[in-house]
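What follows is calculated from the coordinates using simple rules that are stated; it is not laboratory data. Note that this is a predicted model, so its numbers are computed, not measured. Quick reminder, even Gly has a Cβ in these numbers, built from the backbone with ideal geometry, and neighbours come from all protein chains shown.
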Amino acid sequence: MTDVQTATPQEAFELLMAGNQRFVTGEPAHPNQDAARRAATAPAQRPFAVLFGCSDSRLAAEIIFDRGLGDLFVVRTAGHVTGNEVLGSIEYGAAVLDCPLVVVLGHDSCGAVGAARAALEDGTTPAGYIRDVVERVTPSVLAARAAGYEKPEEILAEHVRNTVDLLLDRSRILAERVEAGQAAVVGLCYRLADGTAQVVAARGLDVPVALSA
Ligand SMILES: [Zn+2]
């Protein structure tokens, strides 16, 4: 398998999207999932991307990007909301493990986004710490509303873009790596039905961006 340790942000992005393409077309290669890879990666990990996505059970990272052991440094929370632990984990992947790519992965029919919309529309307040998750999605829904977005895919794209911006605003380590060309941050909107992932934000990477604000 390709040694991707020295990959540029662009190469890492292409590698990731090639895997998604294999998954979409129903021809996964299941790379790096055998005993040889297990043995090779046991002493040290060299992932080529940090994947920060929603916890949704249908968003299993290594499956939808057709990767294996040691490929992705995965951080997932409901609605890909961030807190200090999340930021620290992403910084660890980017700066300590030297990943050239950080991906924010949102998806359609996201329960957290739906709950934030419901909370704004009819005042539904979730119980316990679920409320904390929903409150962290709310600024994105408000921003989408202010921009006049009504379609669910536009609201999701806004939330993914906001998450990308939030990572770069709050993490100086990440922002400096993007500025230096050592890393890129990409926002993807995933469609549950067909498995495709569309780029809606790109920082430090020159790729076509859909649904841009
Ligand atoms: Zn979700």
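The figures follow:
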{"item": "MRE, 222 nm, helices only [DSSP H, n ≥ 4, -39500 (n - 2.57), over the chain, to nearest 500]", "result": "-13000 deg cm²/dmol"}
{"item": "Distant alpha-carbon pairs in the range 63-112 (separation over 13 angstrom), percent", "result": "63 percent"}
{"item": "Selection from Ala60, Asn84, Leu168, by position along the positive dipole direction of the range 49-172 (Cβ)", "result": "Asn84"}
{"item": "Nearest 10 degrees, 0 to 90: helix 111-122 Cα axis against the chain principal axis", "result": "10 degrees"}
{"item": "Relative contact order of the range 140-213, defined on C-alpha pairs under 8 angstrom at six or more residues apart (%)", "result": "24 percent"}
{"item": "At R0 = 35 Å, FRET efficiency that the Cβ-Cβ distance of Asp169 and Thr125 yields, to 0.05", "result": "0.80"}
{"item": "Descending Cα extents along the principal axes, the chain, whole Å", "result": "54, 38, 36"}
{"item": "Distance from the range 63-132 to the range 135-213 (C-alpha centre basis), Å", "result": "12 Å"}
{"item": "Normalised per residue, the volume of the convex hull around the Cα set of the range 20-85 (Å³)", "result": "99 Å³"}
